[in-house]
Structures are given as structure tokens and as C-alpha cells.
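Data block below; observations after.
Every number in this text was worked out from the coordinates using simple rules, so none of it is lab data. Fair warning: this is a prediction, and the values are worked out from it, not measured in the lab. Positions of Cβ are generated from backbone atoms using ideal geometry, with glycine treated the same way; all protein chains shown enter the neighbour counts.
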Amino acid sequence: MAFRCLLVVCITLLGSMYSSAKDWRGIIPLSSSRIDVERIIGPPKSQGKLVSSYEFDIEFVDVYYASGPPCGSGLTNEWKVPRDIVVSVRVIPKKEANLGALVNDISKYRKTTDPTDTRLVYYFSEEEGIRYTVREDARSSLQDVISVDYLPEGSKYHLKCSTAMSPVASLGLAPFERYSNVSAGRQKAIFDNFAIQLDEEKQLTGLVIIYSGSHKRASRTAQWIHNYLVNVRGVEPDRLVIKRAKRGNELSVELYLVPRDRKVH
């Protein structure tokens with residue numbers, strides 16, 4: 001009897017932590033501030049300028065904040081909100097949690113499969129602002145939740161910077177890699193891994209998006225990337241797409257592996 005009660009309590013806690021849309025423990029993206037977060041769940045175990053990390057009994061949690069000013073090039077700078085406003089919360093369970101136990105109606109979520117690993121599936125509700133990253137086993141009905149992201153709900157998209165919209169937003173793909181302000185050695189290592197993946201997965205196309213307020217700098221970066229991938233790493237030119245987009249002054253780069261049957265606008 002005691003074990004049954006404990007099991008019910010655990011299931012209830014899991015449901016409250018992962019199934020609630022729009023907020024996590026009262027923390028609401030684009031509304032709550034860093035002060036609100038620390039008032040609700042206390043000081044973080046570790047923190048940086050843009051993220052606070054927590055560890056609880058059954059989960060790890062990362063809270064991401066806007067870096068300000070709005071519409072910069074950083075990954076946490078895509079919203080017209082002041083500095084230190086929460087932009088997303090990522091929850092990573094310590095133990096396996098099945099998606100079916102956390103979500104009542106999966107039909108409300110848009111399902112996409114990671115092109116680099118078909119075992120990874122994303123369930124995203126734009127209306128509720130919640131995304132589940134799940135590992136699925138085709139041989140069984142298991143759907144293990146790897147992480148849950150609490151994001152701005154659809155009604156707040158008017159606060160999204162127009163310059164921050166990604167050319168692949170409509171595809172629902174997670175980036176292979178993102179970087180900014182890295183060393184030359186680290187940059188080469190990133191593109192080495194990218195080229196290896198393209199060589200192993202012939203059905204994929206490599207997409208690189210360069211964000212920068214400087215057209216000249218973006219052009220130089222695009223030229224270097226094309227030369228390195230094509231002439232050094234041997235990637236076929238027709239399997240590589242490089243796009244430039246203006247977003248703030250700093251340079252940042254996103255890499256995607258895109259199935260060839262999907263078009264990038």
C-alpha cells in the first residue's frame with residue numbers, strides 16, 4: 001500500500017513538472033525575470049551571464065535569459081524583451097520518463113524527426129510553447145523523454161524580432177551545431193564533423209546560415225566555409241547551401257543537415 005501511494009505521488013509530480021504548458025513551476029518565458037526565478041526556486045547551482053543551471057532530485061534545469069538589447073545576434077536575443085527576462089527553460093529528467101505518461105493528447109503537437117538520427121523525435125506545440133525531445137524505439141512503443149523545453153507560446157510571437165527568424169524555421173529542424181566567437185581550431189573541428197556526417201549520410205544536404213550585421217564579414221565567412229568544405233573536406237558543391245541573414249552586429253553561424261526532399265526558402 002505504501003509503495004502504491006509513493007508511485008502515485010511520483011506520477012503526479014512528473015505530470016506537474018512536464019505536462020503544464022506555458023510555464024514551468026510558475027516561470028513564464030518572456031514574462032518572468034531572473035529575480036522571479038530565484039525567488040521561486042532559489043539561487044542556481046551554477047550560472048553564466050545568460051543561463052542559470054539547477055539540479056533537483058529528479059531533474060536538471062537550465063533557465064535561459066535575454067541578453068539585451070533586443071534583436072541582437074545571440075541565441076537568447078531573438079525577442080523584444082529587456083535583459084534578464086526568461087526566454088526558455090530546459091528540463092532534463094534524471095530517470096527515464098515515457099512521453100505517454102506526460103502528454104494527454106499528442107495530436108496537438110507537430111512531430112518532426114531528426115534527420116541525423118531517426119531515433120530522435122521532436123514534438124512541438126507552438127500554441128502552448130512546449131517541445132519534447134524524445135528517443136523512440138521502432139521495435140516497441142517506448143518514447144523516452146530526453147528533455148522538455150518551455151518556450152514562448154504562440155500568442156507572444158509578436159515579440160519575436162523579425163530579423164531573428166531563421167530561414168529553416170518552417171522545417172522544424174534542430175541545428176547540427178551553432179557557434180560564435182570560437183577559435184580557428186574549434187571552427188575547423190565543427191566543420192570537420194559536419195563534413196563527416198554529410199559523407200556518411202548521402203541523402204542529406206548541408207545548410208549553413210551566417211548571421212551578421214556586416215555584409216563584408218558575412219561574405220568572407222561564407223567564402224572560407226565554402227572553400228574549406230568543398231576544397232579541403234571534399235563535400236560536393238551541390239550538397240551545400242550557404243545563406244546569409246542580417247541579425248545584429250556580431251557574427252554567429254548555424255549548421256543544419258537537411259533531407260533533400262525539404263526545400264529551404
Would you list, by chain and number, the lysines whose Cα falls below 18 Å from the Cα of LYS188, excluding same-chain residues fewer than 8 positions away? none
Check: C-alpha center region 91-138 vs C-alpha center region 44-64, spacing in Å is 21 Å
Starting from the Cα-Cα distance between THR112 and HIS215, subtract it from 0.36 nm times their residue separation and give me the gain in nm to one decimal. 33.8 nm
First check a/c for region 20-161, with a ≥ b ≥ c the square roots of the eigenvalues of its C-alpha gyration tensor; if it is under 1.5, answer rounded, and if not, answer prolate when a/b is larger than b/c or oblate otherwise. prolate
Translational D (Stokes-Einstein, µm²/s) of region 169-259 at 20 °C and 1.002 mPa s when Rh comes from the Kirkwood sum over C-alpha pairs? 161 µm²/s
Cβ under 11 Å from VAL63's Cβ, VAL63 left aside: what net charge do those residues give with Lys, Arg +1 and Asp, Glu -1? -1
